[in-house]
Structure formats: C-alpha cells, structure tokens
Amino acid sequence: MSKSFFIDTTVCTACRGCQVACKQWKNLPAEITKNRGTIENPADVSFNTYKVVRMREEVIDGKLRWLFFPEQCRHCIEPPCLDTAGDKSAIFKDDATGAVIYTAKTKGLNAKEIIESCPYNIPRKGKNGALAKCDMCLDRVQNGLLPACVKTCPTGAMNFGERDEMLAIANKRLGEVKKISQAARLLDADDVRVIYLVAYNPELYHKFAVASVDNLGITRQTALAKMFRPVKNIASGLV
Amino acid sequence: MNVTRRGFIKISGATAAGIAVSGMGFDLSPVKAHALTLKTKDAKETTTICCYCGVGCGAIVHTGKDKGRVINIEGDPDHVINRGSLCSKGSALSQLAENKNRLTEPMYRAPNSKEWKKVSWEWALAEITKRVKATREATFTLKNEKGQTVNRTTAIASVGSAALDNEECWIYQALMRSLGLVYIEHQARI
C-alpha cells in the first residue's frame, strides 16, 4: 500500500504552519533571511529547509490573486534522482510508502548531477557534501502518525494517506474547483506522490510547479553515467 | 517450528496485547527494513494551550525522560478548537523553552539609557516592588468625579507577555487587578 499527499492550494492560506512544523520535528536550524519585498521566506528550499510556501501576486482576469504553493519533494513514482544516483545506499525508495529517501551516503554522489536530474529542482547540498530534502516524515508514518506538515495544517490543504484515497479526494475536489476556475488541474498526478491542485495556470505559482522537459535537465554527463552504471544496480532497481 | 500449546498461547497473548496497544494510534508491529524510531518515543506527554493568539489552540508537549527538556510540541488532535493543527507560530512553540537565544536572566535598561545590562533577580524584583508601590501610592484613586468607588490607579499599565499561557495569564491579571490596574493587555488581544 503506497502513500501519497494531496495538497489543495485553493484552501492554503500560506500560514506556513507546515514549513515550521517540518523544521520543528526535524530539529533543523533557522535560516538567516532578509526582506526581499515579499513575505515568502526563506527564498528557496535548502539543506536545512525542506518545505517552502511559495507566494505569488498575479492579476488574473482583472482580479488580484495571491497564489500559494507549499513546495516540497514530490516523491516521484519513478524518481530520476534515484536513477541518476544508481546507488541504493545513498538514495532509495521505501517499499511500504514509496517515500524517496536520501541517506548520509549522498555525500559520495555528484550533487550537481542529482540536483539537475530533479524535474522539480528540490535536493540541496549541505556543507558536509551530503544532499537533503523531504523524507515524507518516514519515522512518523512508520509509527502510524501523519507527516508533521500534514498534521499541523489548519485548513485541510495538506492531506496524506493511501494513494488511491488521495487520488479520489483530489479528483472530487478538482470537480468542485473547476466550477469556479476552468483552468483548475492536478499537477503530474500520475507521476508523483505529492499531488497538487491548482486553480490557475501552474506556471504562475512557481517555475517548477509542474515537471517540464526544460526542467528535466538530464545532462549529457548524467546520460553517460547511466549508460555505464553497473548492471546489478539496474537489476536491483527493477525489483 | 515446534510450538507447544503453552508456547502458542504465549505467542497469541503477545499478539493480542500488540493489537490492544496499536488501537491507540501507534502501529507497534515490527518494521523490517529501515525501521525508524520516533524522537518522542518514551517521552512524557502534557497538554497545554498555545499562548500566542486568542484562538486558544491545544497542543501536546513531549518532554524527554532523561533531562526533562521539551523535545517536541505539536497540535492536540483531541482539542475541540484546532483538532491537531497549529499555525506557524504554534508549530514553533517548543522554541519558547528550547532556544539558545532565549534570555535566562533579567535585563535592565535605565531611563534614557541605550544599554541593557544583566541584573540579579533579587535586585530586579526589589526594584519593581519599590517602584510599583511608590507609583501606586502616589496615584491611587478611591472615588471618581461622580463619587463612585473605583479603587484604581491609571498611572501603571501592563502589557502581558506573549509567552504566557491561559493559566499564567489568569494569575497575572488577578495580581494586576488586586493592585488596582485598569490598563491590562496581553498579546492575545492585540
């Protein structure tokens, strides 16, 4: 039984409870931030910040809209980062949940290559050379709790559970939102475990809201690395 | 495997106990690969009310058994107001206790001074008492212009701490009222 998130951006108020709850549970240090003319802070995900609520002001059909997008790792069903790494001790997929997990052994990987392989531009390198990102709060999930970000969400924007249940809620909610905004859609629902519902063009929310070929920066180097990867890794990847 | 009847009862007993415990929301079945332990395992749980705004969300404080320090605070799913959720401020509640930037000693800024300096608790409490007493005695009014009994002083105001919870606020405002203060404010009302 695999898990998924459903993130309904139409009810998100950008309170950033998820962002802080994530840090709190994981004991991650604060970032030094500065006023950039927006209350979106910090500016990006980092080695110590796995979750950031993106905030964009857009005029849509003559009306000012404030678009919120709680960004995190999408836990891809076929994760390009895992493929690129080709080392299960560094990046692996948890069988029970489908969570994509980075270990301390990511230190030994080519960080640039891994980051470039992510269609959503999520992993970040720390001072110690290792890579970090959201781990679906696997410790909590394995013990029957919700991920910290989902548990704390006051509006019900963040949801977590069995994949088919999440897809059912997502599609039901999509139907409701469509009545208000024709542009409403689910983002890459078939490919990821973090399914976003947006009411408007996803590019307005965030550059990497949806995976595109432009974003999927598999470099020539990465392609070569994949070709010469030992056969046993590929075989174990199929299991 | 050679299981005797006695052994079998032992096993099924243990399983039943396991099911009873897992009914409380925690799956205690052994996890095979990459099993992770919660940082709140074995922690003491205490309920509290978020001190930050007037909504009054409930939270659970997890305190470590070894040092008695806070290791986690998250929303209380059984609380009628927030049902387990917390906003960004509530989610950061643990920092009220666990933060190396916290002040742990009283600080004093003399009138017209630009500097804060560390003072002892004894000095600070004695000084507060002295000044409150002097101001109160000089300004206390028993009756207003209409001759009604008011027993108040309007020369002292209190802006209560943003880190006081519901119960602490009650004690604090009871003290202020007993002194005759009428200007009593708290973060939750601002």
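The values are calculated or read from the model by the stated rules, or taken from the named source; none is laboratory data. Keep in mind that what you see is a predicted model, and the values were worked out from it rather than measured. A quick note on method: Cβ atoms are made from the backbone with ideal geometry, for glycine too, and the neighbour counts reach across all protein chains shown. Only protein heavy atoms, including side chains, enter the accessible area calculation; ligands, DNA and RNA are left aside. Shrake-Rupley method; radii C 1.70, N 1.55, O 1.52, S 1.80 Å.
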Say whether the condition of being of a type in the set (Ser, Thr, Tyr) and at pLDDT below 95 is met by at least one residue in the stretch A:146-154.
no
Would you point out the residue of the stretch B:76-132, among those that are touching a residue at least 40 places away in the same chain (Cβ under 8 Å) and touching a Leu at 6+ places or on another chain (Cβ under 9 Å), that is farthest from the other protein chains (Cβ to nearest Cβ)?
B:Val132
The residue that is nearest to the other protein chains (Cβ to nearest Cβ), considering only those in the stretch A:121-143 that are open to solvent by 30 Å² or more (accessible area, probe 1.4 Å) and under 13 Å from the mean Cα position of the chain (by Cα), is A:Asp135
Mind listing whichever residues of the stretch A:4-31 are within 13 Å of chain B (Cβ to nearest Cβ) and hydrophobic (A, V, I, L, M, F, W, C)?
A:Val11, A:Cys12, A:Ala14, A:Cys15, A:Cys18, A:Val20, A:Ala21, A:Cys22, A:Trp25, A:Leu28, A:Ala30
Show me the strands (runs of 3 or more DSSP E) found entirely inside the stretch B:103-190 where at least 2 residues are open to solvent by less than 90 Å² (accessible area, probe 1.4 Å).
B:149-159, B:181-185
Can you give me the number of residues within the stretch A:98-120 that are over 15 Å from the mean Cα position of the chain (by Cα) and part of a loop (DSSP other than H, G, I, E, B)?
3
Residues of the stretch A:52-74 being over 30 Å from A:Ile114 (Cβ atoms) and not basic (Lys, Arg), which ones?
A:Glu57, A:Glu58, A:Val59, A:Ile60, A:Asp61, A:Gly62, A:Leu64, A:Trp66
For residues that are at pLDDT below 90, touching a helix residue (DSSP H, G or I) at 6+ places or on another chain (Cβ under 9 Å) and open to solvent by 40 Å² or more (accessible area, probe 1.4 Å), scanning just the stretch B:53-83, find the one that is nearest to B:Gln95 (Cα to Cα).
B:Cys53
Hey, any hits in the stretch B:32-44 for a residue that's surrounded by 15 or more Cβ atoms within 10 Å (Cβ to Cβ), at pLDDT 90 or above, farther than 30 Å from A:Thr103 by Cα and away from chain A (no Cβ under 11 Å)?
no
For A:Leu67, indicate whether it is aliphatic (A, V, I, L, M), away from chain B (no Cβ under 13 Å), more than 23 Å from A:Val141 (Cα to Cα) and not in a loop (DSSP other than H, G, I, E, B).
yes
Only residues that are touching a residue at least 12 places away in the same chain (Cβ under 8 Å), under 15 Å from A:Lys26 (Cβ atoms) and at the interface with chain B (Cβ under 9 Å from one of its Cβ atoms): list them for the stretch A:144-157, please.
A:Leu146, A:Ala148, A:Lys151, A:Thr152
Does B:His62 satisfy being within 14 Å of chain A (Cβ to nearest Cβ) and not in a loop (DSSP other than H, G, I, E, B)?
yes
A:Ala168 versus (1) within 14 Å of chain B (Cβ to nearest Cβ); (2) open to solvent by 20 Å² or more (accessible area, probe 1.4 Å); (3) more than 23 Å from A:Ala14 (Cα to Cα): which is the lone unmet condition?
(1)
Yes or no: the stretch A:55-65 includes at least one residue that is open to solvent by 20 Å² or more (accessible area, probe 1.4 Å), under 24 Å from A:Ala130 (Cα atoms) and out of contact with any Gly (no Cβ under 9 Å at 6 or more places or on another chain).
no
Which one is most open to solvent (accessible area, probe 1.4 Å), of the residues in the stretch A:88-97 that are in a loop (DSSP other than H, G, I, E, B) and more than 19 Å from A:Gly129 (Cα to Cα)?
A:Asp95
Where B:Ser113 falls short, out of the listed (1) under 24 Å from B:Gln187 (Cβ atoms); (2) at pLDDT 95 or above:
(1)
